[in-house]
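The values are calculated or read from the model by the stated rules, or taken from the named source; none is laboratory data. Everything numeric in this text was worked out from a predicted model, so none of it was measured. Reconstructed Cβ throughout: ideal geometry from the backbone, glycine too, with neighbour counts over all protein chains shown.
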């Protein structure tokens, strides 16, 4: 009898608790700056949430790169440490964990949440509807709602094209390896490979790009093995689109060269890395938060998607290694100038190189299966065929 | 005689069965000790333990949203604890709550993904039953194999967890892959119709949880089937002696046990995840075992223990972002607390006696009084 | 007396288990060349005390002196090094090994060549008058042969102080005599022997002195020559008791159950009951005698529906019960009660209280999914009153109760169902004298009511006094059904080893 009584009490208490919650369910703490319509939110009232798939403390890799961007944004805008809420190690296959992490950011009063991994997309969409006065900014995906949920990404293919020039000039065997996380069905990887291959072709029409797929975004062992297989096949430059620097280490250990990705891999591997294709997320994070402060973005009314470029500073290649072939710097400079003045965007437009050749497919790519494909960098996800000089291994 | 050894330094001695009050006291002591050692750990890595503990608690209750989140953590933990409670009462060591929960989610997800044309409430009811059946079948397999071939249920249920997990991965990468997800494999988010409604800001799973607590309690305490579970758990020979069909009881109970975990999976998938993901169980099936055990297989206590666990989980998540404390540190803290509570279970049954310590005799024991009265009788004659 | 003369002297030994004081400042001594009997009822602390001497437990208080010196015995190995060996009630032998291999197993040093080993074993046998075949595997041995191996094992390790825990419990009268002859031989050879027992006749016939334990305390040591059975009983129980068991004359016995050509196999395929035929009659107690493991357990369980017989029939009022499950028997309305040997492991649910245990066979009664506990509780409460059951309450787990009270709960429940047939397996095993007599009274009460009672027993004295007829089993075969009043203990003993009733009775008469 006592137990039943205790249970009834517990039930009553819980009901009371929930009832209490129900009344002010959607009330958000501390962001009242948008009443004036477009007035923005004062810098001191800004709070930024970041959802990381890993732990930035590891010092390299995906989450670290994104977090460097957050740190840069914080410095640029002069935010204090407690204006940044980081949720680390949020598994992007665990929908509940994602939702909990984002809700916690909202609880702590965040006005804008950066969700850095692809798997967070659906949860962003759902929570954006539930919390119309919070911005949800999702990296690398494709969904958005125009009012408080956008996506951000960049024309990384521009940097890849430039790195392809370095690889094409360096190769002696005319075989360049490329370790890719995903196969041709993945537009992000495929467009990157195509851009790289075009860069190679622009300076070395005889070279081929041999692609090996690991089917995983993070597979230290598999990435190394893939690189080794490519080297064994005669490749003397190894480029990559995957998380660890193992392909570069394999290249160095076999006395060949490489092209890194994500962060400057010369730091860990040395001069065998000719250059690295890098993201500079700080460029976007600063712009986005600035937009919220300025009132350029007003929750519930407007927010644009972001697709950054070389010119925006969102992406780049790192300084060339001393081991890069002679003339690389000049060849890259011509292409970079064309990209920056808008006349050339890898998949669209053309430019003239030092020898007077016209470079660029101008919207119609010749594929390695003999067909052609209409291409456009902004629609990278639809590019699921390889450029003519690509061989899948 | 070369064996003039000293008395051993430490001996393990069984104590008398402690009263309920004493054993509760010991458990409370364990929690206090755990907090103390956890505090020491926090201090060692350079934080103020009082601040951290305060943040854990305030993090759970600082706002309605925080409370809702805490309750949300509680739901799958409590439901899976209820599931294993049934099996454990029968002394069937069901370590497969995780897999049963996953299979419940898989079965329910089938209807969420492919039958979303049904009316909302009907769809929910169908998914609920599907979740129950899915988990139940996953619990039935090890039970049937044990009854038929005498397989080891602990290993069997454990292995089925991984199979269930890989079934989800297979469905995600293959037949149920969301075609819109370019390159990244995932299962599509459920249609709004297939979502569990929210009541007071938390998905209705909490109501399911409370109802299940009461049902499991009544089932075990008041029904004939519950009584049979108790008898089979104590001794299969006694059950046979009483004319109980042991095989039927084992199969039925494991179906129910898995079924309850399956309901947990359905609730988690349709209430919280709104999709089927590999992280749907996320270790909750294992936490449920610890909870059921700490609760001494009492459903109401399991509810309380689950809530305590969700405070720990939610609170340490807040601590992680508030202090930049790595999530690993929060796990270590949880581990310390669990370690102490489990170690205390040992001391509820045993004590250590040091060398040189002489047992003081109880002043008056049953044996004494009986013997004395026997003596008296003898004298009278 | 000088310390050296004692092989073992215990000084104020105390052992506590939880809140139970198993041994309370017990003094005991034994000399070389002497047999000491340790007498006490079940639960009086005899085995606990001996386990401390043989290194299984460590005392919480007091000192054990071996050969006059204080010894700290922390393991059976320590005890062995001190020359102490214990023969436990449950043998610790490897079934597939031969006697010789078991004897050598676990001794330090290199394995001896079989020839040398056999020689050594045979020497030992000769010295103490033991008989064994060193090459015979254990699984082919009878209980008494196994016991011999256990004794040899201890002697081989150089034990001069032997402790035997209830060694006669599993033996026939003839085997007991043989064992006692061996023990006397040991005494002659200068060994110190402690024999644990609760059988008074045996104490008188074998021991030089007796130490009596009661409820964990020592009630002194007496010279055997100076006491008799009633004096020993008084010391053991604490008051004088009459040892006679009532045997009312059966009234109009009528066959209620007929077993016809019943054969039962164990799980491993061996034959437990071999072509058994007999009948059970109303208003009488049928005793079943036999060496442990002769098929008694299977006999009970087959009748109760727990085991399916391989062939044969069990006829109950012309209906064949063979192969029916317990549930089916209940549904057929057959009023049969069974008090199994393993009370807490089969007859009762150890972790449940009396109320829930009352429900065991009746919980399915009543409609609906819920159990009605009220009648069970009332029944539990009335049993507590009727049978003087000592318990913390009807909801306290029965495993917390003493053995006698547990049996009262079980027997009480079975009798409450007003059976026509009551089967009891070793109903007084482990019970003190008072409880045992209560059980005999209860059985007689049932008999007078016209219930057919089957009593499986091990104490032949009790069987002879209590039962009307005695059925003797040997290796699953019935060697005879005899009138209890017209048979002697020795005759039953012979039948237990396989001789037919006819042979035995002729021999007895001739």
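Within segment C:206-242, being surrounded by 14 or more Cβ atoms within 10 Å (Cβ to Cβ) and away from chain B (no Cβ under 14 Å) holds for C:206, C:207, C:208, C:209, C:210, C:211, C:221, C:222, C:224, C:227. The sole residue among B:279, B:283, B:265 that is surrounded by 24 or more Cβ atoms within 10 Å (Cβ to Cβ) and out of contact with any strand residue (DSSP E or B) (no Cβ under 9 Å at 6 or more places or on another chain) is B:265. Residue B:77: farther than 20 Å from residue B:140 by Cβ, in contact with a helix residue (DSSP H, G or I) (Cβ under 9 Å, 6 or more places away or on another chain), surrounded by fewer than 24 Cβ atoms within 10 Å (Cβ to Cβ) and within 14 Å of chain A (Cβ to nearest Cβ), yes or no? When the stated conditions are applied, residue B:77 does not pass them.
Run down C:49, C:130, C:38 and say which single residue is assigned by TED's automatic domain parsing to the domain that holds residue C:20, closer than 30 Å to residue C:201 by Cβ, at pLDDT 90 or above and not in a helix (DSSP H, G or I).
None of the others qualify; the one that does is C:38.
Of the set (1) modelled with pLDDT under 90; (2) within 25 Å of residue C:381 (Cα to Cα), all apply to residue C:504 but (2). Where helices (runs of 4 or more DSSP H) fall entirely within segment A:231-329, those with at least 3 residues that are outside the structural domain of residue A:171 (by TED's automatic domain parsing) are at A:282-294.
Results for (1) within 14 Å of another protein chain (Cβ to nearest Cβ); (2) under 13 Å from residue C:154 (Cα atoms); (3) free of Cβ contacts under 8 Å to residues at least 12 places away in the same chain; (4) in a strand (DSSP E or B), shown as yes or no for each residue.
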residue: C:65; (1), (2), (3), (4): yes, no, no, yes
residue: C:70; (1), (2), (3), (4): yes, no, yes, yes
residue: C:74; (1), (2), (3), (4): yes, no, no, no
residue: C:79; (1), (2), (3), (4): yes, yes, no, no
residue: C:86; (1), (2), (3), (4): no, yes, no, yes
residue: C:91; (1), (2), (3), (4): no, yes, no, no
residue: C:96; (1), (2), (3), (4): no, no, no, no
residue: C:100; (1), (2), (3), (4): no, yes, no, no
residue: C:103; (1), (2), (3), (4): no, yes, no, no
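Can you confirm whether segment C:123-131 contains a residue that is surrounded by fewer than 17 Cβ atoms within 10 Å (Cβ to Cβ) and within 21 Å of residue C:53 (Cα to Cα)? No - not one qualifying residue is present in segment C:123-131.
Taking the listed residues C:211, C:148, the one that is touching a strand residue (DSSP E or B) at 6+ places or on another chain (Cβ under 6 Å) and not in a loop (DSSP other than H, G, I, E, B) is C:211, with no other qualifying. Restricting attention to segment B:229-245 and to residues that are more than 8 Å from chain C (Cβ to nearest Cβ) and without any contact (Cβ under 8 Å) to a residue 24 or more places away in the chain, the residue that is surrounded by the most Cβ atoms within 10 Å (Cβ to Cβ) turns out to be B:239.
Just so you know, in segment C:357-370 the residues that are more than 7 Å from chain B (Cβ to nearest Cβ) and in a helix (DSSP H, G or I) include one that is nearest to residue C:385 (Cα to Cα), and it is C:358.
Considering segment A:165-187, the residues that are touching a strand residue (DSSP E or B) at 6+ places or on another chain (Cβ under 8 Å) and assigned to a helix (DSSP H, G or I) include one that is surrounded by the most Cβ atoms within 10 Å (Cβ to Cβ), namely A:167. Which of (1) crowded, with 24+ Cβ neighbours inside 10 Å; (2) within 14 Å of another protein chain (Cβ to nearest Cβ); (3) closer than 14 Å to residue B:161 by Cβ does residue B:288 not meet, given it meets every other one? (2) is the only condition that residue B:288 fails.
Return the residues of segment C:66-83 that are under 14 Å from residue C:10 (Cβ atoms) and in contact with a strand residue (DSSP E or B) (Cβ under 8 Å, 6 or more places away or on another chain); say none if nothing qualifies. C:66, C:67, C:68, C:70, C:71, C:73, C:79, C:82, listed by residue number.
I'd like to check something: does segment B:301-319 contain any residue that is touching a helix residue (DSSP H, G or I) at 6+ places or on another chain (Cβ under 7 Å), in a helix (DSSP H, G or I) and modelled with pLDDT under 85? Step through it out loud before you land on a result.
Initially, segment B:301-319 is screened for residues touching a helix residue (DSSP H, G or I) at 6+ places or on another chain (Cβ under 7 Å), giving B:302-303, B:305-307, B:309-319.
Subsequent filtering for residues that are in a helix (DSSP H, G or I) retains B:302-303, B:305-307, B:309-319.
Those still in the list that are modelled with pLDDT under 85 too: B:316.
Within segment B:301-319 (the criterion being touching a helix residue (DSSP H, G or I) at 6+ places or on another chain (Cβ under 7 Å), in a helix (DSSP H, G or I) and modelled with pLDDT under 85), the answer is yes, since at least one residue qualifies.
Count of segment A:83-124 residues, restricted to those that are under 20 Å from residue A:152 (Cα atoms), within 7 Å of chain B (Cβ to nearest Cβ) and in contact with a strand residue (DSSP E or B) (Cβ under 8 Å, 6 or more places away or on another chain), is 4.
Note on segment C:52-63: residues that are part of a loop (DSSP other than H, G, I, E, B), buried (at least 18 other Cβ atoms within 10 Å of the Cβ) and more than 12 Å from chain B (Cβ to nearest Cβ) total 1. Residues in segment A:67-90 that are surrounded by 18 or more Cβ atoms within 10 Å (Cβ to Cβ), free of Cβ contacts under 8 Å to residues at least 40 places away in the same chain and part of a helix (DSSP H, G or I): A:67, A:74, A:83. Where helices (runs of 4 or more DSSP H) fall entirely within segment B:132-238, those with at least 1 residues that are under 20 Å from residue A:94 (Cβ atoms) are at B:153-173, B:205-222. Tell me yes or no: at least one residue of segment C:376-395 is in contact (Cβ under 8 Å) with a residue 40 or more places away in the chain, buried (at least 20 other Cβ atoms within 10 Å of the Cβ) and either more than 9 Å from chain B (Cβ to nearest Cβ) or on the phi > 0 side of the Ramachandran plot (or both). Within segment C:376-395, one or more residues are in contact (Cβ under 8 Å) with a residue 40 or more places away in the chain, buried (at least 20 other Cβ atoms within 10 Å of the Cβ) and either more than 9 Å from chain B (Cβ to nearest Cβ) or on the phi > 0 side of the Ramachandran plot (or both). State yes or no: is residue A:190 out of contact with any helix residue (DSSP H, G or I) (no Cβ under 6 Å at 6 or more places or on another chain) and part of a loop (DSSP other than H, G, I, E, B)? When the stated conditions are applied, residue A:190 does not pass them. Here residue C:419 fits the description: surrounded by fewer than 22 Cβ atoms within 10 Å (Cβ to Cβ) and either at pLDDT below 95 or touching a helix residue (DSSP H, G or I) at 6+ places or on another chain (Cβ under 6 Å) (or both). In this structure, residue B:204 qualifies as within 14 Å of chain A (Cβ to nearest Cβ), surrounded by fewer than 21 Cβ atoms within 10 Å (Cβ to Cβ) and in contact (Cβ under 8 Å) with a residue 24 or more places away in the chain.
Among A:338, A:331, A:355, which is farther than 18 Å from residue A:307 by Cβ and free of Cβ contacts under 8 Å to residues at least 12 places away in the same chain? Exactly one residue qualifies, and that residue is A:355.
The residue that is modelled with the highest pLDDT, counting only those in segment C:310-334 that are part of a loop (DSSP other than H, G, I, E, B) and surrounded by fewer than 18 Cβ atoms within 10 Å (Cβ to Cβ), is C:310.
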